[in-house]
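**Q** One structure, as C-alpha cells, below. Some questions next.
The values are calculated or read from the model by the stated rules, or taken from the named source; none is laboratory data. Because the structure is predicted, anything quoted here is derived from the model rather than measured. Neighbour counts run over all protein chains shown; Cβ positions are idealised from the backbone, glycine included. Side chains included, ligands, DNA and RNA excluded: accessible areas come from the protein's heavy atoms. Shrake-Rupley method; radii C 1.70, N 1.55, O 1.52, S 1.80 Å.
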Amino acid sequence: VDIADGYAEREVMMLNAIDQAEEFIYLPGFVVTRAIAAALVAKKEQAEAAGKKIDIRVMADSGIYPDGGTPNSWGMDFLDDAGVDTRWAKLTRS
C-alpha cells in the first residue's frame, strides 16, 4: 500500500486495498480504525459466503494513551469477535 499524505487519504487507500484483496490481507496497523476493522470483517464474510477463504492477519500497535487504553482496542476486539487472526506488537509505541 502506498503511503498517502493525510489520514483520510491513507484510510481510503487501505479500504481500496482490502476491497481488492483476493487471497490474503496482512495488515501491520499503527491504528486499526473502525472503518478498517469493519471492512476486514466484511471481506472475510464476503469470501466465506462465496465459498472461498481469505487469510487475514492483523498486527496492531500496542501504544497507549497517556490516560491509559489504546486507540486499537475497539478494532482489535471487533476483529477477534469475528474470528480474524490478530496480534499485538510486542514493543510499545512500535
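**Q** What is the count of Lys pairs in segment 14-94 whose alpha carbons sit under 19 Å apart, if the two are 8 or more places apart or on different chains?
**A** 4
**Q** Could you tell me the accessible area of R34 in Å² (1.4 Å probe, neighbours in place), rounded to the nearest ten?
**A** 150
**Q** At most 11 other Cβ atoms within 10 Å and a DSSP loop assignment: could you name the GluC sites (Glu not before Pro) in segment 12-68 that fit?
**A** E22, E23
**Q** Given a 1.4 angstrom probe, I'd like the percentage of the accessible area of the chain that is carbon and sulfur, rounded to a whole number.
**A** Answer for the chain is 54 percent, counting heavy atoms of protein chains only.
**Q** While we're here: Hey, can you grab everything whose amide H is under 5 Å from the amide H of N72? Only 5+ residues off in sequence or another chain; H modelled, so Pro and N-termini drop out.
**A** Those qualifying (amide H under 5 Å, at least 5 residues apart or on another chain) number zero.
**Q** What is the Cα coordinate range of segment 17-83 on the first, second and third principal axes, sorted by size from largest, in whole angstrom?
**A** 44, 19, 15
**Q** Please list 3J(HN,Hα) in residue order for segment 32-47, calculated via the Karplus relation 6.51 cos²θ - 1.76 cosθ + 1.60 where θ = phi - 60°; whole Hz, with x for glycine and proline.
**A** Per residue, the Karplus-derived 3J(HN,Hα) values read 9, 6, 4, 5, 5, 4, 5, 5, 5, 5, 4, 5, 4, 5, 5, 5 Hz.
**Q** Name the residue from T70, Q46, I36 whose Cα lies farthest towards the positive end of the charge dipole of the chain, charges +1 on Cβ of Lys and Arg and -1 on Cβ of Asp and Glu.
**A** T70
**Q** Apply the Karplus parameterisation 6.51 cos²θ - 1.76 cosθ + 1.60, with θ equal to phi minus 60°, to every residue of segment 75-88 and state each ³J(HN,Hα) to the nearest whole Hz, in sequence, with x for glycine and proline.
**A** x, 5, 5, 4, 5, 4, 4, 8, x, 7, 5, 10, 9, 9
**Q** Something else now. How far is helix 7-20 tilted, in degrees, relative to the longest principal axis of the Cα atoms in the chain, given as a value from 0 to 90 rounded to the nearest 10?
**A** The angle comes out near 30 degrees.
**Q** Taking amide H atoms as placed 1.01 Å from N in the peptide plane, list the residues 5 or more away in sequence, or in a different chain, whose amide H sits under 5 Å from that of G63.
**A** R93, S94
**Q** Considering only protein heavy atoms, what is the solvent-accessible area of L15 at a probe of 1.4 Å, reported in Å² to the nearest 10?
**A** 60
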